[in-house]
1. Placing unit charges on C-beta atoms (Lys and Arg positive, Asp and Glu negative, everything else neutral), compute the dipole magnitude of segment 11-79 about its Cα centre in debye, rounded to 20.
2. Students often get this wrong, so check it: of Lys77/Lys101; Lys72/Lys101; Lys40/Lys101; Lys9/Lys100; Lys9/Lys72; Lys72/Lys100, which have C-alpha atoms separated by over 29 Å?
3. Kindly state, to the nearest 0.05, the FRET efficiency for Asn74 paired with Asn43, given R0 = 30 Å and r defined as their beta-carbon distance.
4. Tell me, what does the Kirkwood hydrodynamic radius of the chain come to in angstroms if you use every pair of distinct C-alpha atoms?
5. Give the residues of segment 4-27 whose amide nitrogen is closer than 15 Å to a point set 7 Å from the Cα of Thr65 in the direction of its Cβ.
6. Could you grab the relative contact order for the chain? Cα pairs under 8 Å, six or more apart, rounded to a whole percent.
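Every number here is computed from the coordinates shown, using simple stated rules; none is lab data. Computed from a prediction, not measured in an experiment: that's the story for all the values here. Positions of Cβ are generated from backbone atoms using ideal geometry, with glycine treated the same way; all protein chains shown enter the neighbour counts.
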Amino acid sequence: MAELEIEVKHLPEYLSELKKEARASMELESGVISIFPMYKEQNPTEITIVEIYADKKAYEAHLETPHFKEYKTNTLKMVQSLKLIDMTSIDSTTMYLIFKKLH
């Protein structure tokens, strides 16, 4: 999971870059299960991205993709803070059911 705070003056540009990167990750990387960005309704500059990868190797491969590197370069000046939180699923079977419901 990634928690970010974006400078308000850069928010529209940041959101555009984030949408582009999330879509490319989902479409181009088989190891990316989810790149799901959300913002707090009370404060849209506070963004959380739920990222789910098939495994650690898929995450490491994601960091080396051209679209991720472009996103990082283009948004570096826009991000006030970034906190990465490693999480582990308690019940991976239930996670599968969540995505199955989307069909």
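1. So the dipole magnitude of segment 11-79 works out to roughly 80 debye.
2. Over 29 Å apart, Cα to Cα: Lys77/Lys101; Lys72/Lys101; Lys9/Lys100; Lys72/Lys100.
3. FRET efficiency, Asn74 to Asn43: 0.85.
4. 14.5
5. Residues 17-27 fall inside that zone.
6. Values: 122 pairs, mean separation 39.9, N = 103.
Once normalised by length, the contact order is 39 percent.
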